[in-house]
Structures are given as C-alpha cells and as structure tokens.
Amino acid sequence: MERAQRRWRKVAYGGMQPGYDDNHTDDTFLQEMVMNANVVKRDMLKVMLDSVSISQYLCIVALVVLVWTHTLNSTITENFLIVLDITLVGSGFFILLLTAKMLSFNLLLSYATKISFFTTGLYVLSPIYHTLTRSISSDSIWALTTFLVILHLFLHNYSGSTIKAPGALENPTLTSNISLNASIVASLLIASRLPSRLLVFAIILFSLQVFLFAPLVTYCLKKYSFRLHLFVSFLLMAMTLTWVYRLHKLLFVVLLGLLVFVNLVCPYWLIRIQEYKFEINGPWDEAKLCFNITD
C-alpha cells in the first residue's frame, strides 16, 4: 500500500527512494529515447569533392618524389633546382597575397625575414647534411625514406595547414607536426646521398618549401575559391600522372588506382556505411557543454 502511495521521482542526487530499487525506472523512461539524432546524411557528390584535397596532396608528394628521383639520377642540375626554389617562393607569396584575407604587409615581411634566416642556416649546415648518412647503406636509406613518406601521408592534416594560416583559430595538431617531422627527415636522408653540397642545399630547400608551405598555400586557395581549388587540383593530378607515366608505367597504374580509390571508392564506402550506423540518445547520456571554456 505504501509503495502505491509514494510515486517514484526521477532525480539525480536524491538517494534511494523508499520502496524502490536503486536502479528502478518507470514506464516513461524510454519515451525520451531518440535514435540517430546526430547522424549526418552525406551527399555523394559533396564527399567526392571534399576528397579532392587528399588527392591533391598525394600528387604534391608524388611530384616531390619525382624531383628526388631525377636529382639522384643526375637528370636535374643544381642551377635548375635553385631556379625552381626561387620560383616556388615567389609564386607562393603571390598566391598568399591574392587569397589570404588576414595577410598584412607586416606579416608578409615577417615570413620573408624568417625564410631568409632559415635559408642562410640551411646553407651553412649543408656540408653536415652532405655527410650525415655516409656510414649507412643505401638500401637502409631507401627503406627508411619510404617508411617516412608513408607515415607523413598517413598523419598529414588534409583539412588544414601545418603552418597556422593567417586568421585561423586552430593550431596545428600533434599528428600533423609528427607528419611534418617525418617529411623533413626523409628529405635529409635523400639529400645525404647527393654528390655536391650545393645540390644538398637546393634539394632540402625545395623539399621544405613544399612540405611546409604547400599545405598553407592550398588551404588559403581553397578558402578563397573552391572552384579555383578544384581547377588547380585536377590540373595538378593531370600533370603528376603525365610525369609519372613517363618515368614508369607501373607507378602510373599504382598512382591512378590510388586516386580512383580516394575519390570514388572511399566516398562510396562512406555513404554506404551510413545506412548501418545506429546511435541511441536518451536521458542516460552524460551532459554536454554547449559553449567553449576559455581561460
């Protein structure tokens, strides 16, 4: 009789209620259950367009590997690499001036000053890099370089930039910094197998320009115009596939298959697995803050 008179109340910190077990719930407990409330329905075309950024960076890394290969084969000279470095710096700053909204003259001057100090230090240290792996066999260098490039691609932040872009709120993540360090070490390993110190300086400068500033330039370009981003990406894919085909046909097939897998197969898989996603929300969920806590 006492249990029928006392009605169970849903309270968080009221303790045990007389006549009810500690884990008791009434018939209204599951009425607030919501299924798949936060599941986002994705569009196939939008997912494919978003995956273009991944293919774009895969082509950028492939171009760097092509330059490494031709430099090791003595197909590319020191003068060509130095001209290429200067061209990349000039075109990169030009694109940043056109696309970055928060880029001021003082910030651009700061970038130029840091690059000049960085280039000077790299030139001074190039004799050390030249003899860095003299006691290590070439097979070990190629294997370690391949592993580091794969690690770089696996941990790279494809949605942002390794360097904090002008006006960006988020800082680079730990995984993106690890990815950048892996690419730098891979560049040093390749440079240490080159015959001259000037060639070592030129190839390291080229690699660091690409791995450091290419994500920043492509990020600003994407923020400025998504159509221009798509145009540059598809142009880059076509150029990369053409040069890889001239180098080796099997590598061309591998790269083409990888691009198809990233841009077609992976988006299709993502759309299909959304059908099997099952999420349950209800009064048992932990409370979530709807605002950011800042110091």
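The values are calculated or read from the model by the stated rules, or taken from the named source; none is laboratory data. Here the structure is a predicted model, which is why all the values come from computation and not from measurement. Methodologically, a virtual Cβ is constructed for each residue, glycine included, from the backbone with ideal geometry; neighbour enumeration extends over all protein chains shown. All accessible areas refer to the heavy atoms of the entire protein, side chains included, with ligands and DNA or RNA removed. Shrake-Rupley method; radii C 1.70, N 1.55, O 1.52, S 1.80 Å.
A few notes on this one:
- When residues in the range 129-152 are screened for being more than 28 Å from residue 175 (Cα to Cα) and either outside any loop (DSSP other than H, G, I, E, B) or touching a residue at least 60 places away in the same chain (Cβ under 8 Å) (or both), 3 of them pass.
- Subset tally (residues that are modelled with pLDDT under 90, buried (at least 18 other Cβ atoms within 10 Å of the Cβ) and of a type in the set (Phe, Trp, Tyr)) for the range 192-239: 2
- Hits in the range 127-145 (condition: open to solvent by less than 40 Å² (accessible area, probe 1.4 Å), modelled with pLDDT of 90 or more and among the hydroxyl-bearing types (Ser, Thr, Tyr)): 145
- All of (1) at pLDDT below 85; (2) surrounded by fewer than 12 Cβ atoms within 10 Å (Cβ to Cβ); (3) part of a helix (DSSP H, G or I) hold for residue 95 with one exception: (2).
- Test: residue in the range 218-240 that is over 24 Å from residue 96 (Cβ atoms) and assigned to a helix (DSSP H, G or I): yes
- Within the range 240-263, considering residues that are under 17 Å from residue 75 (Cβ atoms) and aliphatic (A, V, I, L, M), the one most open to solvent (accessible area, probe 1.4 Å): 251
- Here residue 169 fits the description: surrounded by fewer than 16 Cβ atoms within 10 Å (Cβ to Cβ) and modelled with pLDDT under 90.
Residues checked against (1) closer than 27 Å to residue 110 by Cα; (2) free of Cβ contacts under 8 Å to residues at least 24 places away in the same chain; (3) of a type outside the set (A, V, I, L, M, F, W, C):
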site: 156; (1), (2), (3): yes, no, yes
site: 160; (1), (2), (3): yes, no, yes
site: 173; (1), (2), (3): yes, yes, yes
site: 183; (1), (2), (3): yes, no, yes
site: 202; (1), (2), (3): yes, no, no
site: 209; (1), (2), (3): yes, no, yes
site: 214; (1), (2), (3): yes, no, no
site: 251; (1), (2), (3): no, yes, no
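- Scanning the range 104-119 turns up one or more residues that are assigned to a loop (DSSP other than H, G, I, E, B) and modelled with pLDDT under 90.
- Which numbered condition residue 227 fails, given (1) touching a helix residue (DSSP H, G or I) at 6+ places or on another chain (Cβ under 9 Å); (2) of a type in the set (D, E, K, R); (3) over 22 Å from residue 146 (Cα atoms): (1)
- Checked against the criterion of being farther than 21 Å from residue 242 by Cα and open to solvent by less than 40 Å² (accessible area, probe 1.4 Å), the candidates 89, 47 yield just one match: 47.
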